[in-house]
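Comments concern the structure below.
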Amino acid sequence: PKTFYFDRVSPAALKFAQWAKDHGALIMFEPSSIGDERQFRKAVDVCHILKYSHDRLGLRDLAEAYSPRVIVETLAEEGLRVRWRGHWSELPAFEAPWFRDGAGSGDWCSAGLIHRLGTKGAAVFDALQKPLLLAALRFGQALAAVNCGYEGARGAMLALSREEMAAALMKLASRKPDFDPAKSEPSGNENDIPKKICATCSTPKKEVSGFI
């Protein structure tokens, strides 16, 4: 595995996360609650990237956790802040051009981050620089903003083709030139990702009008 993502703590999840980490995978933990504190601390210790919502887990000691290489704290409409090499940086949120539903925005941001950083496993940290990390987060934020224009956590996935999503991101990025997600360094593996991830999942394409 190149990346292992988990958002709930259990003995099995912790065991698999450690196994994946031992085999070179990038480990991302995105908790929504603490639950068993002892297992929760183990999850924080094993992950490379810790991402959480300030509204749910805005705890000072979590923001100062030692083990994760990257800590991302999302701040809803105020954007997010990220800790890299002991220093915090803030990224403002994109203004969604058309807001219908905010469900799944955090998941889209995480997916964008993993898409940009997760293809090389933990080895990405061997050469990762701050601009590439911020560009990956910006890419995730842009995906989240686009999805806000559609109903449901997977709304944009069902409504837009790859080409339409790319066009939406380009238009969105043109409004905020800093950390442009459309011009940031690509992962180099975008074309290797199957257009249809699962043979049992349908991906109907809908006509889209009035967006952006």
For the range 98-138, name all the residues that are within 26 Å of Ala159 (Cβ to Cβ), β-branched (Val, Ile, Thr) and touching a helix residue (DSSP H, G or I) at 6+ places or on another chain (Cβ under 7 Å).
none
Wholly enclosed helices (runs of 4 or more DSSP H) of the range 1-66 bearing at least 3 residues of a type in the set (Gly, Ala, Ser) and without any contact (Cβ under 8 Å) to a residue 40 or more places away in the chain:
11-22
Count, please, the residues in the range 101-126 that happen to be exposed (fewer than 14 other Cβ atoms within 10 Å of the Cβ) and either at pLDDT below 95 or among the hydroxyl-bearing types (Ser, Thr, Tyr) (or both).
0
Return the pair list, or none, for Cβ contacts closer than 9 Å from residues in the range 96-123 that are at positive phi and in a helix (DSSP H, G or I) to residues that are of a type in the set (Gly, Ala, Ser) and open to solvent by 30 Å² or more (accessible area, probe 1.4 Å), at least 6 apart or on different chains.
Gly121/Gly24
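Residue by residue, here is whether (1) farther than 22 Å from Cys109 by Cβ; (2) at pLDDT 95 or above holds:
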| site | (1), (2) |
| --- | --- |
| Ala25 | no, yes |
| Pro31 | no, no |
| Asp36 | yes, no |
| Arg41 | yes, no |
| Leu57 | no, no |
| Val70 | no, yes |
Within the range 82-103, identify whether any single residue is under 26 Å from Ile34 (Cβ atoms), in contact with a Pro (Cβ under 8 Å, 6 or more places away or on another chain) and among the acidic types (Asp, Glu), and answer yes or no.
no
Looking for whichever is touching a strand residue (DSSP E or B) at 6+ places or on another chain (Cβ under 8 Å) and more than 15 Å from Phe125 (Cα to Cα) here; the options are Leu14, Leu50, Leu62. Which one fits?
Leu62
Considering every residue within the range 54-62, establish whether at least one is farther than 25 Å from Ala136 by Cα and open to solvent by less than 10 Å² (accessible area, probe 1.4 Å).
no
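The values are calculated or read from the model by the stated rules, or taken from the named source; none is laboratory data. The structure presented is a predicted model; accordingly, all values stated were derived computationally and were not measured. When we count neighbours, we look across all protein chains shown, and the Cβ atoms used for this are built from the backbone with ideal geometry, even at glycine. Remember, those area values only see protein heavy atoms, side chains included, never the ligands or the DNA or RNA. Shrake-Rupley method; radii C 1.70, N 1.55, O 1.52, S 1.80 Å.
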